[in-house]
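Following: one structure in C-alpha cells, then a few remarks.
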Amino acid sequence: GKLKMDYMIANIPSWEAYSSESFEEVGEVMPPDTIKRMQGLVTGGFQLIKPHTGMKFHLANVEFQVMTTWEDLNPWVINDGNETCTVLRFEVSNKDAPTAKPITQIWTGDAQRWLSRFLCATYGSYLQADMVSVGHHGNIGCEIDFYDTVQPTTIWWPHNAGAAANYLNPQNKEVGWQY
C-alpha cells in the first residue's frame with residue numbers, strides 16, 4: 001500500500017499460450033488474476049501497457065525499442081516460460097552533449113538459444129550495441145553467435161558471482177552448448 005506506480009510495461013502470455021503438458025509450472029508463475037492482484041498491492045493501482053515488437057518508448061534521455069516478445073514465437077507452443085521474455089534495445093543519449101553518439105544496450109532478459117537465433121536472423125547487424133546483458137543469467141542463455149553479432153564492449157552479467165564462476169569453470173563436469 002506504500003508503493004506508487006503509474007505504469008507497468010509487460011507482455012505476458014495467457015495461459016492458453018503455454019503447453020500444459022510440458023510447462024505445468026505456469027499455474028504457479030502467472031495465474032490469470034496476477035495483474036489484478038498486483039494492481040491491488042499498489043496505491044491507486046497502475047495502468048498496464050502491453051508492448052509489441054517494434055514499439056518505441058521514451059523516458060527522459062532514454063529511448064527503448066521492443067525487439068521481440070513472446071508473440072513473435074507464434075504459432076510455436078511455449079514449453080518454457082523463459083521463451084516468453086521481452087528483449088529490449090536501449091539508446092541512452094547525453095543531454096549535455098546532444099550531438100554525441102548515444103550509448104546502446106541490448107537487454108536479453110531470459111533469452112535462450114532459439115530466441116538468440118531468431119534475433120540474429122531478424123535483425124543482423126542492427127543488434128550491434130555497446131553493451132549487452134548475458135541471456136538467462138549466463139545459464140543456458142544465448143549462443144555465442146548472438147554475442148558475436150552484438151559486438152559489445154561491455155557485458156552485464158545479472159547473477160551472483162558464485163554462479164557466474166561456476167558457469168565459467170572449465171572443470172565443470174556438465175558439458176554442452178550452454179557452457
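Couple of notes before you dig in:
- Positive minus negative residues near MET67 (Lys, Arg vs Asp, Glu; Cβ under 12 Å): +1
- Short-range pairs are left out: with C-alpha atoms under 8 Å and at least six residues apart, the relative contact order of region 35-179 is 15 percent.
- Entries in LYS2/LYS101; LYS56/LYS101; LYS56/LYS95 that, when Cα-Cα distance is taken, lie over 29 Å: LYS2/LYS101
- Excluding ligands, DNA and RNA, the accessible surface per residue across region 42-133 is 52 Å² with a 1.4 Å probe.
- Listed by chain and number, the lysines whose C-alpha is less than 21 Å from the C-alpha of LYS50, apart from same-chain residues fewer than 8 away, are LYS4, LYS36.
The values are calculated or read from the model by the stated rules, or taken from the named source; none is laboratory data. These numbers come from a predicted model, not from an experiment. For neighbour counting, all protein chains shown are included, and Cβ atoms are generated from backbone atoms with ideal geometry for every residue, glycine included. Just the protein is used for accessible areas: all its heavy atoms, side chains included, with ligands, DNA and RNA removed. Shrake-Rupley method; radii C 1.70, N 1.55, O 1.52, S 1.80 Å.
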